[in-house]
Structures are given as structure tokens and as C-alpha cells.
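Okay, so here's the structure we're looking at.
The values are calculated or read from the model by the stated rules, or taken from the named source; none is laboratory data. All values reported here derive from a predicted model rather than from experimental measurement. Please note: Cβ atoms are built from the backbone with ideal geometry, for glycine as well, and neighbour counts cover all protein chains shown. These accessible areas exclude ligands, DNA and RNA; they are computed on the full protein's heavy atoms, side chains included. Shrake-Rupley method; radii C 1.70, N 1.55, O 1.52, S 1.80 Å.
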Amino acid sequence: MFTQELLLKQRTEFLHALCACGSAQHLERVLDILLAKGELGWEDYQSIQVPGRTLYSNARQLLDLVYTKGADSCGIFIAAVQQVLPEAQRGGLSFSERPSSLEDQENPPSASAEALVAQRPSLVYKLQGCIDGVLEALVDSGQFSSDECDEVQLPVHTPSQQARRLLDHVGSKGEAAAAVVLQFIQQRKELQAQVSQKKPTPTKEFLKYKKKLRSSVSAQSCFLSTYGGTNHTALDDIFTEVQLELPHTGAGVHRALGLEDIVGPVGTVNEDADTVLVSGEAGSGKSTLLQKLQLLWAQGAALQDFVLLFPFSCRRLNSEDRELSVQELLFEHCCWPDREQEEIFQFILDNPHCILFTFDGLDELKQSFFDEHRLCCPTQRAPVNLLLFNLIQGSLLKGVRKVVTSRPEAVGPGLKKHLCKEVLLKGFSPSSIDCFVRRHQRDADVAVKVLESLHANTALLGLCHSPVLCCIVSQCHRELLGCGEGSPQTITDVYVMILQHFFQRHSTAKRTIGGWLQENLRTVLRLGQLAFKGIATTCYIFSDTDLEIYGVTEKDVCMSFLIQSKDMSLGHSKHYEFLHVTMQCFFAALFIVLSSHHDGSTILKLFELQDMMDTGLSSTCFKACLPSSNKEENVSEERATAAETPNLQITATFVSGLLSQRLQKLWFHCCSSAVVEKKSRQVERCVSKGMQKHFRSIPRPVQGEKKSMHAMPGFVWLIKCIYEMQESRIAKDVTSKLQVDHLKLTYCNIGPVECTALTYVLQHLKKPVGLQLDNNSVGDVGVEQLLPCMHICNSLYLRNNNITDEGIHKLITKVIQCDNFQKIALFNNRLTDACTQHMSHLLTNKQNFLSLRLGNNNITAEGAKQLAVGLKQNHSLQFLGLWGNKIEDAGAEAIASALESSTSLLWLSLVGNGVGDAGARALSAVIRNCVSLEELWLTENCITRTGVEYLIKAIKQNSHVKSVWLKNNNLSLEEVEEMKQIEPKLIF
Ligand code: ADP
């Protein structure tokens, strides 16, 4: 879609995105970029930033102005918004497939005043920490009066606004003032470089403390609690590489991220912030990742720029009731200095850039992040959550690097704006699953068998991308290998398997199905009640007294579902936590299913979550289900914790699975079948009602457009609940009510597991849909999971999904047989020339195929030649996109020769492919002979005047062609002007 159209169509969304949270910062940052790129002049800028006018009015003015300036300005505006907006605030905005480049100009301006404008975005950032100093330099050089200084530094403005006012003032003064600012910045940079080269010189006491901290961190991190129960595995023996990604596409990072990249500069979006967020689903390996980082530091193997590392667990910080100062927090919760505490703390204050803090599980903190209460004094005492929030956002100990982990749902825009970057943790890759199983199984033969059985059951293989599930599956290898055809399909199956594994390990008698459960029912109920209470009150660590209240016995503890908590600050009394938070949710679900206390109302409340979430009621409503003795303490006024909704959702997913027809027989030994069936019907009703609510929210289509549903949070969760129930009747019933042409599930955290569930439901659709799964983590295993629903897809959008040639091979083998399938978009995956033979096969064998988009992959001239074989045979293709590959002249020639006689092609893009004059010459034959072609995109290639002349000649002979895009080729400004005059269809 053209950039102007894109802007117009999403005007409301752009407005909201720019003005979100009522802060002007996004708008201002976009304006900085547009000024720097020369898209806005000084007068334009003043017409937008009218003092006293509302933020929305200013943003509207900007949108109007950019629109009237034309497609190029719109393109740069869209690219600027994309750069400025954190992913979570993009709210379904779609950006151009061919984003305009925001790279700096090749020839930097020589005049200072021009440089000040061209470097505006980075100067705004650099000036924030030194406004006083620059103003002083400007006053000293006679450029500024003290009144002007006061005006810049009006306290109502944020530091970045002050920096902009300073730049605006300096801009109006001219060259000399601009030179003072640039010189100041340069000198400051040199000074900082000298300072940072100077390593701090620690004292003897400090070195002793460092040693003590190292050994404490090492002791805390070197073992991993495993699902084998009491024994511990050395982290170094089991740690397996996980997939780390940056949230924004086109971030320019084309290699896999390593552990050290978490604290390194890659992917930084806000250089002023010190906090890195690692976000991932429950069980994706966040805690283990932090543990590994800590261990590497303690072993001296990595992160050695940091002299001290202080690890914190938010789960444990929850139990800190006292008010503490930062100093007390560090020393009491991590490592106590035996002497010279003040001196050591002073070192931390003086050298913040050498210090690293890690906070695991921010989502488990009793309060969600908020930013209203600022603390600046490191010796001031405050509640621990306040200390934490102020450390994260930088009011306290600015400069100290912080790495925080959390589940994605739990991170709101309030926190995001304080992040220097976000790193997404996507669990194991397929090769990591293999590697983990081989490490986990001491017996190599068993490892091979486990892997064979995983590869024979792709649904289970999909589940194993989650390290926690992979670990359980490998642990339960006996059960897995013994169950033959009936091997686990769902997450609930995997947890039932470990339940059986742990119980049977403690029993010598041979058990019938369900017998082991009956024998251990009391244990299940006691642990279940403890888990349920914890979920409803955000409690993950349980004291002896808690265990006593719920009658949990020592024998129950021995079953290994609970492990002893390693909290240093809890003193000598014993504390326990479930092996993993998902295990706690599973026990809570067992309790809901098996306990006679719970009737349908608990299930109803659990599933009404989505509504409650919107009204902020979830905790109070759910807590009302607790046994009466707990109610008063639970129904508190506190802000809901961020983990609450995800945990209740996981619990609900388990309840759906446990009450499925397949598993019901297990519970008949333990409670009345009528009650179980009643609860099961209740779940079915809730899920169906929940889905209908989503369907009702689908807007009416605009005339001439397709009816489209953009999935809201909660939709994928309900789909997963249906999958857990494993009843096609329910899936059929639900899909019969879904009537859309296009289903959009972008940025929905869809991995292989979600693909399995989606397919389970969508395969029953009656009418073909477009399935848009851009910007997820589908991967090759996910693609394989999607195959059974391809017959009902007419288009599949899988942009930015980590898919390789292998996944494409499987996909194409399937879709060739699907009559409805006509379009595929694979922008920004990991495709190489090896996929093009399959594409070619598709084109040859599918004469109703319309659109193939392969932008931003790794296809070279060889791949293009392969593709050309299929293109020549095909008579239906209308859109072919190869933006951002490397097909060069030879590839362009092959494609051109194949498309020369096409009668269907409307749109061809070879943007950014290293195409030169030879390619242009070949493409001119397509322009001349292909009667259907309307648009040809050749932006960002290396075509010179000679090549353009071929194109011009050809355009004269074909009146159908509407435009040929040639911006950023090897042409001088004069040549561009001249060519424009000769042929207006050329767009530069
Ligand atoms: P999260 O913090 O995201 O909920 P955890 O780090 O607690 O997940 O991981 C759950 C379990 O999965 C761990 O106890 C461990 O057994 C296993 N695990 C996670 N990451 C890895 C890894 N990189 N290598 C080996 N095992 C892992």
C-alpha cells in the first residue's frame, strides 16, 4: 500500500499512538527526526508545536502537513513513528513493507547550524545530562543572556524538552551559537572517554567484599532445581542455549543474540535508560537465563566490565515488610560487607556504570510497576517495591545497569518508557531441544528414543520449545516411551504425566489407571488448596505455618512438587515454593476440579477474567472463592499484581484440560462423575461465551473491504483452552459462529504450541480466510502445525517469524494441494536460495496463485534463477516482492526474462537488491512487453543514467505502466531533475 494511503487509513491509530499516555514525548521525538531529515522546515515545526494547544491538535496538524507533503514525507513519517514507538504501543498499526530509510546522510553538513538540525535526535539525548554546562558555555561566549537560560530551564519542562528548547534557541541565533554547542558536546565526549578508560581503583576491603559477593552469587547460581526432585543438577551441565530476539523488526541485527548481548548495546532504543527487560512466557527460561548470567559473572567468564553484581528475586522481595534504604537492600538481600560498609557503598555510588543488578520475575512482585512516587536519595528508607521501581526507572542509582525479567503481559507502557531495550526470550530452538534432551539423559540410547518419540509427535515437539515442558517430558521418559500411540498432546497431558511420575516413584505397588491418583488424593487436595490460595493472593513462597494451615504433611513435601526456597533474607525458618509457577497453577486447577468446595461459580469467575481484567476486578472477585478464613486478608485495596491474570489464565487452561472427556475418567475414582461432568459443561459454556464476545466485537466491514477480525488479548488463550479440551465438537461449534474473511493475529506471541491450537480450531471453518500471523515466533515447527488448516486459508502472512527453507518446503508441499491458497507473505524470515526451488514448484503447479512476497531474506542471483523457472511457467501471479535480497544484475535478468511475457503481473519489487544497469536493461523488456504491469519498484539499487534511459524508452512503449520507482540509485541531483522532466512516470 502507498505510504499516503497507509497514513490516511490509520490516521486514528497514528494519533493515538503519538498521544498515548498524554505525554508529548513520542510526538516530539518524531518531530526531531522529521526536522533532522529536512522533511519539516522551521515554519512547519512552529505551526505544529503551538504553545497551549492540545497534544492531539498538534499531532493532527502534523498528520495533515505530512500528508500534503506527499508520499516521501509520509514514508519518512511512518518510519519515524516505527522507530520511536515501543512495540507494545503500536496497537495494531501496520507499517510500510518497504520502510523509508532513516539512515544518516552520507555527506554530513559542514555548517554548525545545519549539523545542529541534522543531528537533532541524538543531540536531544546527549544534551539532557549537561544542559547547565552548555548554557554556561553559551553565556560565557556571549551567545545567551541569563534570561534566555531561565527560559530554557523552566522547571515545567522535562529534561528532553529543555534540550529541545535549547536547540530551538540556538538555531535561531545562528552559526556561532551552534558551533559553541557542538564544541561543548565534543569536549564532553572526549572527557567521558578518558574517565571511562580510567578503571576505578578498589580498596582492599572492597576487593574482599567483591570476593565474598562472587562466592555467594556462585553458590546461589551453580545448581538448578530439577524435576527429579531433591537432587540438583549443575547449571553448567544442563544449561542449553535459548532463543533471544529483539522486538522490533528491521533492527539491523542479522545474527543470533548471545547472552552478553543482553547487557550490550545491541537493540538499544533509549540510550538514556539503564534497564533491560528480558520478557518471556512462564517456563520460557527467564530465571535460568539470569542464573546463567550470574554464574558466568561469578566464574569470571563473562560480564567482567561489571565489578559487582547484585541478584534479586522479586518473588522473595515480596516477603520483605520493612522499609529499607538502597544500601540495606543490597547488603541485606545479597551480601553483607564484613567491614567498611560506607566505603563500599560509596564505591557503588561513585561508579554506577560498573555495577549490575538483576531482578528476576518483576511480574511476581505484589504490586505492578508504577512511576508516581520518586525517590532520589540512596539513604532514604522506603518500601521495597518503591525502591525497586525507582532503581528501574533511574531516579535511584542512575547509571547502574539493571536486567529485569518478566512475563510479557505484565509489562505496561509505564515501565516500557524506562527501558533501554527489551529482549524477547523465545525458549528452545529445535536444535536446543535435541541438545537439552541429550544433556538431560545420561543414557544416550534413552535420549535417542525420547527424541524419536518427540519427532513422531509434532504437537509434543511444539510444547518442548518451552524449556519447562521439555524438562518435564525428558524427566518422564519412562511414561513417555511406555504410552505408545497415546503420547501427550496437550500441556495438561504433560503435567498429568509428571503427576503420575512423582506419585508412582513413591509407590511400589502396580497401579491401575487412576489408581495412583486415588491413593494420593489427599496429597493432591492439600497441595492444591495451598496452590490455589497462593494464586489468588499472589503468594509463591509458603512458610511452615502456611503448610500447617492447609494440612500439608512432610510426606506431601517429599513428593517433590514443593522445593525449599533459597531465600537468604528469611533467616532459618523453612520456606517452600512449587517447582515452577506453572506447577502451582496446575495444582490450583486440580483443586478446582477435585474439591467439593468448588461449584460452577469458581469456574465462571476464572473464565470471566477478561471482563474483570478490563475493570481491574480480577483479584477481588477470584479471592471471593477462597475459603472464608482467608477473605479479609485477601480482599485488599492493593494494586493488582501483574502476574495475576497470566496465572489465572494458565490455571483456567489446566482446568479445561483436566475436565476434558479424555481425562475425566481419571477423576471418577476420586469424586462424583455427575459433579465432574457438570463442571466440564460449565467450562464449555464459558469458553463458548468468551469466544462469542470476541466475535461480537468484529467491526462491520467498510464497503469494498473484507470482514476482518483483529484478535484481542484473550482470544488465543480461549483457543488454547479449546485445544486442551480435545473435542472437535466444541471446535466445530465455535468456528461455525466465526464469520470473517481475514483473521489478524499479529504480535500475539504465537509459537508452535499456539499454532497447534489455532489449527485445531480453524480447520473447521467453512469459508476460506486470510490468516495473518506476522511478527510472532511460528518457526518451522509452527509451520508444520499449521498445515492441517491450510485448505481453509486463501492467504498466509508469516512476516518475521523465524522460518527457514525447511519449514517452507513442508508448507509448499501442502499448499500446492489446497485450491483456495493464493497468497503468501514471508518478509523477514531466514530463507535462502534453497527455498526457491520449492517456490518455483509452487508457481509451476498452481495456476491460480496470486501473490508471492519474499522481502528481506537471503536470496541471491542463484535463487532468483531458480525462481524464474517457475515464474515462466506461471500464468496467474500478480504480485512479486523481493525487496532486500541480493539478486543483483544476474538475478534481475533471470526474473525479467521469465516475466517478460507475463499477462498477469501487476506489481514487481526488486528494491535494495544491488541491481545495476544490466538489470535495468533486462527489466526494460518487462516494461515494454508485459501488458499487465502497473508498478515497478527499483528503489535503492545502483542503476545509473544509462540504465534509466533503457527504462524510459520502454515506458514510452507501454502505456499501462503507472510508475517506476527509482529513489536512491546512482544518479546526480541534476540527472534526477532531467529524467523527471523526460518521463513523469519515473519516481525519484
Ligand atoms: P521462567 O523463569 O521463564 O518461568 P525457568 O527459568 O524457571 O522459566 O525455567 C523452567 C525450567 O526449565 C527450569 O527449572 C529448567 O529446568 C528448565 N530450563 C529453562 N531454561 C533452561 C536452559 N536454558 N537450559 C536448560 N534448562 C532450562
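Per-structure values
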item: Cα centroid separation - region 523-565 against region 801-864, whole Å; result: 52 Å
item: Modelled FRET efficiency - R0 60 Å, Glu975 with Lys555, Cβ distances, 0.05 increments; result: 0.10
item: Alpha-carbon spread of region 854-977, three principal axes, descending order, Å; result: 41, 32, 18
item: Amide H contacts of Arg401 (H built 1.01 Å from N, under 5 Å, at least 5 apart or other chain); result: Ile355, Phe357
item: Average projected area [Cα convex hull, region 332-385], square nanometres; result: 4.9 nm²
item: Distance violations [Cα-Cα > 31 Å] among Lys744/Lys810; Lys173/Lys421; Lys678/Lys707; result: Lys173/Lys421; Lys678/Lys707
item: Nonlocal amide H pairs with Cys793, under 5 Å, H built at 1.01 Å; result: Val769
item: Per residue accessible area of the chain, 1.4 Å probe, in Å²; result: 42 Å²
item: Chain lengthening between Gln847 and Asp140 when straightened (0.36 nm per residue, less Cα-Cα); result: 247.0 nm
item: Label point 7 Å beyond Cα of Lys208 along Cβ direction - residues of region 326-342 with amide nitrogen under 19 Å; result: 331-332, 334-342
item: Whole-number Å³ per residue for the convex hull built on Cα positions in region 263-307; result: 94 Å³
item: Glu806-Leu349 FRET efficiency (beta carbon distance; Förster radius 60 Å; 0.05 resolution); result: 0.70
item: Ranked by how many other beta carbons lie within 10 Å on average, peptides 848-857, 793-802 from highest; result: 793-802, 848-857
item: Longest to shortest principal axis, alpha-carbon extents of region 829-895, angstrom; result: 27, 23, 19
item: Using a Förster distance of 51 Å, the FRET efficiency for Ala444-Asp338 (Cβ separation, nearest 0.05); result: 0.60
item: Mean ellipticity per residue at 222 nm, deg cm²/dmol - from DSSP H runs of n ≥ 4 across the chain, formula -39500 (n - 2.57); result: -15000 deg cm²/dmol
item: Residue-count net charge about Val915 - beta-carbon cut-off 13 Å; Lys, Arg +1, Asp, Glu -1; result: -3
item: Estimated inter-spin distance, His791 and Ser736, nm [label 7 Å along Cα→Cβ]; result: 1.9 nm
item: Label-point gap, in nm, between Phe668 and Ser431 - each point 7 angstrom along Cα→Cβ; result: 4.9 nm
item: The chain: relative contact order in percent, alpha carbon pairs under 8 Å with at least 6 residues between; result: 6 percent
item: Descending semi-axes in whole angstrom, ellipsoid equivalent of region 297-392, from the Cα gyration tensor; result: 22, 17, 13
item: Accessible surface of region 926-987, 1.4 Å probe, proportion on carbon and sulfur as whole %; result: 53 percent
item: For region 355-463, alpha-carbon Rg relative to the globular expectation (2.2 N^0.38 Å, N residues); result: 1.57
item: Computed Kirkwood radius, in angstrom, where 1/r is averaged over Cα pairs of the chain; result: 31.1 Å
item: Cα→Cβ-extended label distance, 7 Å offset, between Phe370 and Leu604, nm; result: 3.1 nm
item: Extension gain, Ala234 back to Arg322 (0.36 nm per residue minus Cα-Cα distance, nm); result: 28.3 nm
item: Peptides ranked, highest mean first, by Cβ atoms within 10 Å: ranges 523-536, 299-312; result: 523-536, 299-312
